[in-house]
Amino acid sequence: MPESYYQLMEKIQAVDFVLVDLTLYLDTHPDDLEAIKQFNQKAYESKQLKAEFENQFGPLLQYGLSYSNYPWNWKDAPWPWQV
Amino acid sequence: MWVYEKKLQYPVKVSTCNPRLAKYLIEQYGGADGELSAALRYLNQRYTIPDKVVGLLNDIGTEEFAHLEMIATLIYKLTKDATPAQLEEAGLGAYYVNHDQALYYQNAAGSPWTATYIQAKGDPIADLYEDIAAEEKARATYQWIIDLSDDPFLNDSLKFLREREIVHSQRFHEAVEILKEERDRKKIF
């Protein structure tokens, strides 16, 4: 895969990691307003980055959470363990 | 339901084909304190845990499947180019006879995964203390594998996973405190 695949993927992984960690934190600290603001900001950033990634490299999400090109490209390699 | 995302939680690279390290790492795939055990333990306990901590079990259980996928990717990358002779030399001759290059849920000593590794006691404090213990055992296991590994890329991924065990353990400790607080409040009124 081109270098840009790895660079953009790593940006997504970084933002999504913040989202995973904040999710667990908020599960036990549900009243932390600053954390919720950060969560919503990162959720927005994640969506922007994924739209950019999907334009170049195809859908990231299954079952209709990403749109498909023609022909159907969800099933196309590479899968995450192949890169 | 779950939705698959075509990405790993954290970048996974290995320096070189190394079936010896794969043989150890499989402990975290199908071992007692591995990622499969963790995912199935939490997602199964969540049905009978009090509402206040269901979300945490649900979300940590889901993250464990992302970790399982990282471990699978590491094992796959460490073994995919190995010849049968190299596998045999690494102590994986019997594994090769049984599975070729396929992944299998077993521990480092070759015992297949079993549901006896996990418990669901129904008592929320008992279940959460098991979860804390499981995270600490998984953290220790990651450390022992790192100690045996000379692959800096593999160790980078394993250190990420080791840190996640610590965070999960801390969150489970908080869940215990949340339940104790609720229990004590009920006594007052």
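Note on region B:128-159: residues that are farther than 30 Å from B:ASP184 by Cβ, over 15 Å from the mean Cα position of the chain (by Cα), touching a residue at least 60 places away in the same chain (Cβ under 8 Å) and part of a helix (DSSP H, G or I) amount to 5. Scanning region A:9-19 turns up one or more residues that are surrounded by 15 or more Cβ atoms within 10 Å (Cβ to Cβ), of a type in the set (S, T, N, Q), within 23 Å of B:PHE160 (Cβ to Cβ) and out of contact with any helix residue (DSSP H, G or I) (no Cβ under 7 Å at 6 or more places or on another chain).
Summed over region B:13-30, residues that are open to solvent by 10 Å² or more (accessible area, probe 1.4 Å) and within 14 Å of chain A (Cβ to nearest Cβ) total 3.
Would you say A:ASN73 is more than 8 Å from chain B (Cβ to nearest Cβ) and under 22 Å from B:TRP2 (Cβ atoms)? So A:ASN73 fits the description; yes. Taking region B:33-127 as the region of interest, the helices (runs of 4 or more DSSP H) fully inside it that hold 3 or more residues being surrounded by fewer than 17 Cβ atoms within 10 Å (Cβ to Cβ) and not acidic (Asp, Glu) are B:51-79, B:84-89, B:93-99. Of the residues examined, A:LEU24 is not one that is open to solvent by less than 30 Å² (accessible area, probe 1.4 Å) and within 13 Å of the chain's Cα centre (by Cα).
Residue count for region B:174-188 under the criterion of being out of contact with any Ser or Thr (no Cβ under 9 Å at 6 or more places or on another chain) and surrounded by 16 or more Cβ atoms within 10 Å (Cβ to Cβ): the result is 2. For beta carbons closer than 7 Å, sequence separation of 6+ or different chains, a first residue in region A:25-38 that is more than 9 Å from every other protein chain (Cβ to nearest Cβ) and a second that is part of a helix (DSSP H, G or I), the qualifying pairs are A:ASP32/A:LEU26; A:ALA35/A:LEU22; A:ALA35/A:TYR25; A:ALA35/A:LEU26; A:ILE36/A:LEU26; A:GLN38/A:LEU22.
Screening A:PHE53 on (1) in contact with an Asp or Glu (Cβ under 9 Å, 6 or more places away or on another chain); (2) aromatic (Phe, Trp, Tyr); (3) within 12 Å of chain B (Cβ to nearest Cβ) shows it passes everything except condition (1).
The values are calculated or read from the model by the stated rules, or taken from the named source; none is laboratory data. As the structure is a prediction and not an experimental result, all values here were calculated from the model. Methodologically, a virtual Cβ is constructed for each residue, glycine included, from the backbone with ideal geometry; neighbour enumeration extends over all protein chains shown. Only protein heavy atoms, including side chains, enter the accessible area calculation; ligands, DNA and RNA are left aside. Shrake-Rupley method; radii C 1.70, N 1.55, O 1.52, S 1.80 Å.
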